[in-house]
1. Give me the accessible area per residue for the chain, probe 1.4 Å, as a whole number in Å².
2. By the scheme Lys and Arg +1, Asp and Glu -1, what is the net charge of all other residues having a beta-carbon under 14 Å from that of residue 39?
3. When the accessible area of the chain is computed with all protein chains present and a 1.4 Å probe, what percentage of it is carbon and sulfur?
4. From the backbone phi of region 20-34, what are the Karplus-calculated ³J(HN,Hα) couplings (6.51 cos²θ - 1.76 cosθ + 1.60, θ = phi - 60°) in whole Hz, Gly and Pro given as x?
5. Please list, by residue number, every one of the GluC sites (Glu not before Pro) in region 9-47 that is coil in DSSP and has at most 11 other beta-carbon atoms within 10 Å.
6. How big is the equivalent ellipsoid of the chain along its three axes, where each semi-axis is √(5λ) from the Cα gyration tensor, reported in whole Å from largest to smallest?
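The values are calculated or read from the model by the stated rules, or taken from the named source; none is laboratory data. Keep in mind it's a predicted model, so treat the numbers as computed, not measured. Here the Cβ positions follow ideal geometry from the backbone for every residue, glycine too, while neighbour counts run over all protein chains shown. Note: accessible area is taken over every heavy atom of the protein model, side chains too, but ligands, DNA and RNA are not part of it. Shrake-Rupley method; radii C 1.70, N 1.55, O 1.52, S 1.80 Å.
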Amino acid sequence: MSLRTEEQAEDLMRSAQASMAIEGFSLTQEQKVLVKQCLTGAISHQEFLKQALELSRHG
C-alpha cells in the first residue's frame, strides 16, 4: 500500500465521509483518527484491523 500525505488522506476521508453520509452512516472522531493513521502509514494495516476490532467491541 502506498503512503499518503496528510492532505491526500484528508481528501480521501472527505470523499468517503460524503458517501457514507448519503447512506446514513458516520464515523466517530476516534474512527476518523484511526483511518487517517492507516492512510498515512502511521500504523500498519494489521494494526489498523486490530484497533478497529477493539473499537467495534468496546465502542
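1. Values: 4490 Å² over 59 residues.
Result: 76 Å² per residue.
2. Numbers: positive: 4, 14, 32, 36; negative: 6, 7, 10, 11, 47.
Around residue 39, the surrounding residues sum to -1.
3. Working: 2470 of 4490 Å².
Carbon with sulfur: 55 percent of the solvent-accessible area.
4. 5, 4, 4, 8, x, 10, 8, 10, 6, 4, 5, 5, 4, 4, 4
5. On the way: sites: 10, 23, 30, 47; in loops: 23.
Passing sites in region 9-47 are 23.
6. Working: eigenvalues 64, 61, 12 Å².
With the √(5λ) rule applied to the chain, the semi-axes are 18, 17, 8 Å.
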